[in-house]
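The structure under discussion appears below in the form of structure tokens.
Just so it is clear, none of the values below were taken in a lab; they were calculated from the coordinates. Since we're looking at a predicted model, the values are computed, not measured. All Cβ positions, even for glycine, are placed from backbone atoms using ideal geometry, and neighbour counts span all protein chains on display.
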Amino acid sequence: MTLDQVLPFGLKVADIVAFGAAVSAFLTCAAIWYGAIERAPNTRRIKELAQRRELLKAGAVSQSRRRSRQGSTTFMRRFVTSMNLQRSQRADMITRRLAQAGWRTNDALIRYLFFKATLPILFGGVAVVFLYGINAYELSSLARLGCSAGAVMFGFVGPDLFIKNASSKRRLAILKGLPDALDLMVICAEAGVSLDGILKKVSEEFTSSSPQLAEELQLTSLEIGFLPDRRSALQNLINRTDMPAIRGLVNALIQSDKYGTPLAVSMRVLANEYREERMLRAEEKAARLPALLTVPMIIFILPPLFIVLIGPAILRLVDALTKVRPG
């Protein structure tokens, strides 16, 4: 049986090769175009912060008031509204998780709820059509049922995995830039700058090096200027990040404001602590490297090494045995 007979839908090897060549050419052109264009990665974030500032000026701080002011006629919003998904008890928790991933608009919640409800149906329908309708592969009934259930489950957990991955990457980016930001906070505090001025200055300086941290600090600075209580703005920073390092920073700021302790001293201690933690994480990754390289070395390095070292001896032995004639 040849490979052309195994392929479904009457496809041949030449068709797959041609399709792969077309996809490769398209990806190459897209990569060249993407690398040639001039991008402004912080434009969207600046627009979101400007919108957030306008909402704070109008007094629309609570989640319920932001929902009532936003209206849209998109298909996703109509679907979510008709299914009454936005009024569920988990909506506030989902909104907090989306904020931790960097998506704070109401449209982000609408998109999440839409994909959360439709992706299981979509993936399950594709699996049923592919396995039962077209019958592309000869599988048992139990295997088909398992594949269909797996597709539905993947569609159900896919949005959560995507948000979790985005949140982890965002926390890591914030954690990398936090020690340097604390050093700049120390300098500003020793110069006599107020807290909102410190946050604003640090956010301006870290816009290019750490845009995630700059965004959080700038938003906190705006909330300190508009909210009646400074503690609420700092607590919102904890809720948006959900990081122990940010929680320690906020606690130090609150204690400094409550008891009058020098802010520069607290920031300097935290900066040294977080820098040591960053160094320890780097050393930990370096220590894990030999163990991680063991399997690739065994699979990709040792077999060619054995072939180069033992191969000639084996060939000479085979030649010597073939030349021996029975007496």
Report summary line: With R₀ set to 56 angstrom, the calculated FRET efficiency between the beta-carbons of residue 75 and residue 319, to the nearest 0.05, is 0.15
Query raised in the report: Using only Cα atoms, what is the ratio of the radius of gyration of the stretch 149-306 to 2.2 N^0.38 Å?
Result: 1.38
Report summary line: A correct Karplus calculation of ³J(HN,Hα) over the stretch 229-241, with 6.51 cos²θ - 1.76 cosθ + 1.60, θ = phi - 60°, whole Hz and x for Gly and Pro, returns 10, 5, 4, 5, 5, 5, 5, 5, 4, 5, 5, 6, 9
Query - Proximal lysines to residue 285, defined as alpha-carbon separation beneath 25 angstrom and excluding residues fewer than eight positions away on the same chain - result: 164, 169, 176
Query raised in the report: Between residue 289 and residue 165, how many nm apart are label points set 7 Å from Cα along the C-beta direction?
Result: 2.6
Requested in this report: Beta carbons within 10 angstrom, averaged per residue: use that to sort the peptides 245-254, 151-160, 300-309, highest first.
Outcome: 245-254, 151-160, 300-309
